[in-house]
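Novice: Structure in structure tokens, see below.
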């Protein structure tokens, strides 16, 4: 599958330079520390899920678009555009690569965040699951919109402006789900998971359908 | 079947016509030089032929298929080299070719990579990362990338741009060995065109203003562009 080849190539390049990954992990850790010392201890537990999610959104905005922008800057995108690779496979490959980045960042940042905020999570498995699902939806939405702005000269500035309104349903549903998992009352969590999953599927379908437009001048 | 057939093709960016109502035929096995000053529309023309750009109007057929519509079988028949090598600096020469070879479904990939790297005199550096290569080595590797899948049509968009005299000479020598394949070459360098091609078109302001055999190109180019050949 060509998408896997593209993802594998991107992962190899990234793990050799660690340019994006280091930036994402470092930014997450610094932000976690800053939040932990700025937020009063008595409300830390209440707002921790929102802050955690905020960190992943900021870090995602920094990192996920790089998958495309790097190809544009190095002009290697022309190599992919002229290869016998369906544009949808290029986009899907980039999504897989970004999900890998996200999982590595999450694996490093989540334990640190829990430690510095000194919060207890009633359902840690569900908490991690909701966070990962929300992040996957965010990766799909960001990657999909990144393909649409790569032709723009102001792509790095334009992306956050169009991403934030689009991902609002994921932000609210993920924070709601994280709060439920943290407090241990997961009876209503199915609704959050359904919204996040539906959003991911719709965003993925749109990304794959618009990919040909994105790569043809 | 023609290798390339353009019928009344126009490509506009906003109101600006980068290519203005061009018709062109290239026979199978023919080697065509596309000449012209900067901004003449050479790169836009090869982008149209390589399927990267959709024409605003007209038709671009390559090996019988519409160029801009995604067609994996057509893409496998085209090898594209631009002035930028389109290689990944953090991957080795071998890894770059393996990546592109898998995208093009090349059979016996390892064997073919070894063969083409030897032809391009890069075999000894096959495991070195591309970022350690000189500009000339990168361009040779880029040509290896474009030839790896044994394309029928080779498109070279100013392949020697940015190379020193020795690098240019070496690259042209490699290109002279590509055999009986159809070749489209855009260049500023008339000598390069004379060495590699058998026909030329001269492009100015997005229009073909002259079409001639390669033996006449020097005289015609000087007349049309108004400068002496280098």
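Bear in mind that the values in this text are calculations on the coordinates, not laboratory data. The model shown is predicted, which means the values in this text are computed figures rather than measured ones. Note: ideal-geometry Cβ built from the backbone for every residue, glycine included; neighbour counts use all protein chains shown.
Novice: Could you please rank B:132, A:17, B:53, placing first whichever residue has the fewest other Cβ atoms within 10 Å of its Cβ?
Specialist: Working: B:132 11, A:17 14, B:53 23.
Taking fewest neighbouring Cβ atoms as first place, the list is B:132, A:17, B:53.
Novice: While we're on this one: Please find the FRET efficiency linking residue A:62 to residue B:115, where r is the Cβ-Cβ separation and R0 is fixed at 41 Å, and quote it to the nearest 0.05.
Specialist: On the way: r = 43 Å, r/R0 = 1.04.
With R0 = 41 Å, the Cβ-Cβ based efficiency is 0.45.
Novice: Which percent of the Cα-Cα distances in chain B go past 23 Å? All intermediate terms of the calculation are to be shown ahead of the outcome.
Specialist: Values: 12473 of 26335 pairs.
So the portion of pairs separated by more than 23 Å is 47 percent.
Novice: Can you say what percent of the DSSP beta bridges in the protein assembly as shown, counting only those with both residues inside, are antiparallel? Round to 5. Intermediate results must be reported in sequence, preceding the final value.
Specialist: Details: 21 of 39 bridges.
Percent antiparallel among DSSP bridges in the protein assembly as shown is about 55.
Novice: Quick one: A:102, B:1, B:222, fewest Cβ neighbours within 10 Å first, how do they rank? Write out the running numbers ahead of the final one.
Specialist: Working: A:102 23, B:1 9, B:222 13.
So the residues, fewest neighbours to most, are B:1, B:222, A:102.
Novice: Of B:159, B:72, B:85, which has the largest mean-square fluctuation in a 10 Å C-alpha GNM of chain B?
Specialist: The residue that fluctuates most here is B:72.
Novice: Round to the nearest 0.05 the FRET efficiency obtained for residue B:124 and residue A:122 when R0 = 51 Å and r is the Cβ-Cβ distance.
Specialist: Values: r = 61 Å, r/R0 = 1.20.
For R0 = 51 Å, the calculated efficiency reads 0.25.
Novice: Using just the Cα positions, wrap chain A in a convex hull and report its mean projected area in square nanometres, one decimal place. Don't jump to the answer; show the numbers that get you there.
Specialist: Working: hull surface 47.2 nm².
About 11.8 nm², averaged over all directions.
Novice: Measuring from a point 7 Å past the Cα of residue A:26 along Cα-to-C-beta, which residues in the range A:99-138 have an amide N at less than 19 Å?
Specialist: Of the residues in the range A:99-138, A:101-102, A:104-110, A:112-113 have backbone N under 19 Å from the label point off residue A:26.
Novice: What FRET efficiency comes out for the pair residue B:38/residue A:8, r = Cβ-Cβ distance, R0 = 41 Å, nearest 0.05? Please list the in-between numbers first.
Specialist: Numbers: r = 39 Å, r/R0 = 0.94.
The computed FRET efficiency comes out at 0.60.
Novice: Given the rule -39500 (n - 2.57) for each run of at least 4 DSSP H residues, summed and divided by the residues of the protein assembly as shown, what is its mean residue ellipticity at 222 nm, to the nearest 500 deg cm²/dmol? Could you put the intermediate results ahead of the total?
Specialist: Working: 18 runs with 258 residues, N = 447.
It comes out at -18500 deg cm²/dmol, rounded to the nearest 500.
Novice: Taking a quarter of the surface of the Cα convex hull of the protein assembly as shown, what do you get in nm²? Please report the intermediate quantities before stating the final value.
Specialist: Working: hull surface 93.8 nm².
Across all orientations, the protein assembly as shown yields a mean hull projection of 23.4 nm².
Novice: A follow-up question, please. Taking Cα centroids, how far is the range B:87-124 from the range A:117-171 in Å?
Specialist: Rounded to whole Å, the Cα centres lie 36 Å apart.
Novice: Now for a separate question. Sorting A:216, A:31, B:186 on the 10 Å Cβ count, fewest up front, what's the list? Don't skip to the answer; put the middle values down first.
Specialist: Numbers: A:216 15, A:31 19, B:186 25.
Ordered from fewest to most neighbouring Cβ atoms within 10 Å, A:216, A:31, B:186 come out as A:216, A:31, B:186.
Novice: Would you mind giving the average projected area, over all directions, of the Cα convex hull of the range A:98-191 in nm² with one decimal? Provide the component values of the computation, followed by the final result.
Specialist: On the way: hull surface 27.0 nm².
Average projection, Cα convex hull of the range A:98-191: 6.7 nm².
Novice: Taking the Cα-to-Cβ direction at residue A:1 and at residue B:134 and moving 7 Å from each Cα, how far apart do the two end points lie in nm?
Specialist: About 4.4 nm separates the two model spin labels.
Novice: Calculate the spin-label point distance for residue A:37 paired with residue A:19, positioning each point 7 Å from the Cα along the beta-carbon direction, and give it in nanometres.
Specialist: Inter-label distance under the simple model: 3.1 nm.
Novice: What distance in nm separates the two pseudo spin-label positions at residue B:180 and residue A:191, each 7 Å out from Cα along the beta-carbon direction?
Specialist: Label-label distance for residue B:180 and residue A:191, simple model: 7.3 nm.
Novice: Of all DSSP beta bridges in chain B, what percent run antiparallel (nearest 5)? Each step should come with its number before you reach the end.
Specialist: On the way: 21 of 39 bridges.
Approximately 55 percent, going by the DSSP bridge assignments.
Novice: Given a 10 angstrom Cα cut-off, can you work out which residue in B:176, B:137, B:120 is the most mobile in a GNM of chain B?
Specialist: The residue that fluctuates most here is B:176.
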